[in-house]
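Before any comments, here is the structure.
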Amino acid sequence: MTAIIDYDAGNLRSVEKALLALGDKPVITRDPETIRRADRVILPGVGAFGDAMARLRQYGLVEVIRQVAGSGKPFFGICLGLQLLFEESEESPGVEGLGLLKGKILRIPDCPGLKIPHMGWNSLAVRPGSRLFAGIGDGAYVYFVHSYYLKAEREEEVAASTEYSTRIHAAVEKGSLFACQFHPEKSSDTGLQILKNFISL
């Protein structure tokens, strides 16, 4: 069973629908015991970093997420869910993130001819040997919607990157902890393959 964490940050049903299409049995929940019992956990989300952390605290989910992510159980952050795994974001100065990974969430730099937020399809440079991207070729296209991006501290944890005004760390892997800035549930066959790889771990 896959637990999809519900903290009023949107994008849950599309993730649920994609997992159902793959034959998984997802449960949308904010119940700590259900999350702990799950075989794997997904933290999706769209919206602002500070608001999201406030809701995670409000629902008593911060320690649950830290426990589950530290237990060796497969854990997957999507979009805002990726950003929350890090320590802080320029979007919400002074707000502490989950701190499970090292790196900074920065605003995408302004660049002539490029719109922010970054909305649309971009190709990925995929790191060979990535478990999340097994069976996915370099240059595959995925769908992004974001104004802030990850600059990971440890290059060896970067599973895929893309270029949009700057080099964006688009996905990370560290042990059983996975995350991507783009939306696999909106990324056609490539995205479904990524989700399939995750639920097959």
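The values are calculated or read from the model by the stated rules, or taken from the named source; none is laboratory data. Predicted, not measured: the structure shown is a model, and the values here were computed from it. Don't worry about glycine lacking a Cβ; one is built from the backbone with ideal geometry, like all the others, and counts go over all protein chains shown. All accessible areas refer to the heavy atoms of the entire protein, side chains included, with ligands and DNA or RNA removed. Shrake-Rupley method; radii C 1.70, N 1.55, O 1.52, S 1.80 Å.
Its Cα gyration tensor gives the chain an equivalent ellipsoid; the semi-axes, largest first and in whole Å, are 23, 20, 15. Histogrammed with a bin width of 5 Å, the alpha carbon distances of segment 21-123 distribute as 2, 10, 21, 22, 17, 13, 9, 4, 2, 0 percent, first bin at zero.
Which lysines have a Cα lying under 16 Å from the Cα of residue 102, excluding residues fewer than 8 positions away in the same chain? List returned: 151, 174.
Ignoring ligands, DNA and RNA, please state the percent of accessible area on segment 53-122 from carbon and sulfur, probe 1.4 Å.
On the way: 1670 of 3230 Å².
Solvent-exposed carbon and sulfur of segment 53-122 make up 52 percent of the total.
A DSSP coil position with no more than 13 other Cβ atoms inside 10 Å describes the following trypsin sites (Lys or Arg not before Pro) in segment 112-201: 115, 154.
The HN-Hα couplings worked out from phi for segment 92-100 by the Karplus form 6.51 cos²θ - 1.76 cosθ + 1.60 (θ = phi - 60°) are 9, x, x, 8, 7, x, 6, x, 7 Hz, whole numbers, x standing for Gly and Pro.
Please give the net charge around residue 9, taking every other residue with its beta carbon less than 10 angstrom from that of residue 9, where Lys and Arg add +1 and Asp and Glu add -1. Could the numbers behind the result be given before it?
Numbers: positive: 55; negative: 6, 8, 51.
Overall, the nearby charge balance is -2.
In a simple Cβ point-charge model (Lys, Arg +1; Asp, Glu -1; nothing else charged), the chain has a dipole of about 320 debye relative to its Cα centre. Comparing 162, 106, 27 along the charge dipole axis of the chain, the residue lying farthest to the positive side is 27, per the Cβ-charge model. Cα centroids of segment 2-24 and segment 73-98: 19 Å apart. Only DSSP H runs of four or more residues enter the estimate; each adds -39500 (n - 2.57), and after division by the residues of the chain the mean residue ellipticity at 222 nm equals -7000 deg cm²/dmol. Per residue, the chain exposes 43 Å² of solvent-accessible protein surface, assessed with a 1.4 angstrom probe and all protein chains in place.
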